[in-house]
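The values are calculated or read from the model by the stated rules, or taken from the named source; none is laboratory data. Note that the coordinates shown come from a computational prediction; the quantities given were computed from them, not determined experimentally. With ideal geometry, Cβ positions are generated from the backbone for all residues, glycine too; neighbour counts draw on all protein chains shown. Keep in mind that these areas ignore ligands, DNA and RNA; they rest on the heavy atoms of the full protein, side chains included. Shrake-Rupley method; radii C 1.70, N 1.55, O 1.52, S 1.80 Å.
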Amino acid sequence: MSPLNFINPNEVNAAKIKTEQSVHQESTVVEMLQGNGFLEIDESNKTVKITDEYKKAVLENIEPGYEAVFTDNSVSIVPKIQTFSAFTGVDKIVFTWKGYDVYLSNEKATKTAAGIGLLATASTLIPEPTISKVLAVTLGLGSGLISLNNSEGREVIIAYIGSIYTNSMPDWITSQ
């Protein structure tokens, strides 16, 4: 995986159109990942669990020098060798009944704010190609806010809610 990844807008638009044709427009990211076998959703308890298929896909896409740490509803990408710097942070995605929260480490937040490695970051956290491209685009569009919230090197959290195409916008963004 190359450290520099550039998004081809035509590829994203084609993927978006194809997905809109095959998936109902009101589907959320969580529902789409469930439909692809990556998540299990318990509506009665409002819980989301990551499947073994999701874990396998993440492990296949992880960058050298990093490892994945899984919980029932989250994936964290952390360096294999931890440094003792003050604010390293983690790259993580946590799925909830309302959507998902994306955590970006200081390194990834800085690169994202500069427009570097958007697709690599997104595809490591979300293995479904279309959704990871849409996430990469929203990270790129919010790069100014990511930079502002990471100004002290404390990493960022971005909470997403809503459906993927009709109103998928970050609900809020803050430092970790």
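The rows are residues; the columns are (1) assigned to a strand (DSSP E or B); (2) surrounded by fewer than 22 Cβ atoms within 10 Å (Cβ to Cβ).
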| site | (1), (2) |
| --- | --- |
| Pro64 | no, yes |
| Val75 | yes, no |
| Tyr100 | yes, no |
| Ala122 | no, no |
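Every residue, every condition in (1) closer than 29 Å to Asn149 by Cα; (2) small (Gly, Ala, Ser); (3) at pLDDT below 85, yes or no:
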{"site": "Ser22", "(1), (2), (3)": "no, yes, yes"}
{"site": "Ser27", "(1), (2), (3)": "no, yes, yes"}
{"site": "Ser44", "(1), (2), (3)": "no, yes, no"}
{"site": "Glu53", "(1), (2), (3)": "no, no, no"}
{"site": "Ala86", "(1), (2), (3)": "yes, yes, yes"}
{"site": "Trp97", "(1), (2), (3)": "yes, no, yes"}
{"site": "Lys108", "(1), (2), (3)": "yes, no, no"}
Regarding the stretch 72-79, can at least one residue be identified that is at pLDDT 80 or above, over 24 Å from Ala57 (Cβ atoms) and within 16 Å of the chain's Cα centre (by Cα)? no
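Can you pull out the residues in the stretch 154-169 that are modelled with pLDDT of 70 or more and either among the hydrophobic types (A, V, I, L, M, F, W, C) or within 13 Å of the chain's Cα centre (by Cα) (or both)? It would help to see each step written out before you state the result.
Step one: list which residues in the stretch 154-169 are modelled with pLDDT of 70 or more, which gives 154-161.
Passing the criteria: Val156, Ile157, Ile158, Ala159, Tyr160, Ile161.
Here is a yes/no grid of residues against (1) farther than 20 Å from Leu33 by Cβ; (2) in contact with a Phe, Trp or Tyr (Cβ under 8 Å, 6 or more places away or on another chain):
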{"site": "Asn73", "(1), (2)": "no, yes"}
{"site": "Tyr100", "(1), (2)": "no, yes"}
{"site": "Ala114", "(1), (2)": "yes, no"}
{"site": "Gly117", "(1), (2)": "yes, no"}
{"site": "Ala120", "(1), (2)": "no, no"}
{"site": "Ile131", "(1), (2)": "no, no"}
{"site": "Leu141", "(1), (2)": "yes, no"}
Select from the stretch 52-62 the residues that are of a type outside the set (D, E, K, R) and either assigned to a strand (DSSP E or B) or open to solvent by 20 Å² or more (accessible area, probe 1.4 Å) (or both) and write down the one among them that is nearest to Ile131 (Cα to Cα). Asn61
Every residue in the stretch 124-144 that is open to solvent by 10 Å² or more (accessible area, probe 1.4 Å), more than 14 Å from Ala159 (Cα to Cα) and not in a helix (DSSP H, G or I), please. Pro127, Glu128
Exactly one of these conditions fails for Ile41: (1) among the hydrophobic types (A, V, I, L, M, F, W, C); (2) part of a strand (DSSP E or B); (3) under 16 Å from Val102 (Cβ atoms). Give me its number. (3)
Test result for Val137, touching a residue at least 24 places away in the same chain (Cβ under 8 Å) and closer than 24 Å to Thr51 by Cα: no
Among the residues of the stretch 102-112, which ones are part of a helix (DSSP H, G or I) and open to solvent by 30 Å² or more (accessible area, probe 1.4 Å)? Asn106, Glu107, Thr110, Lys111
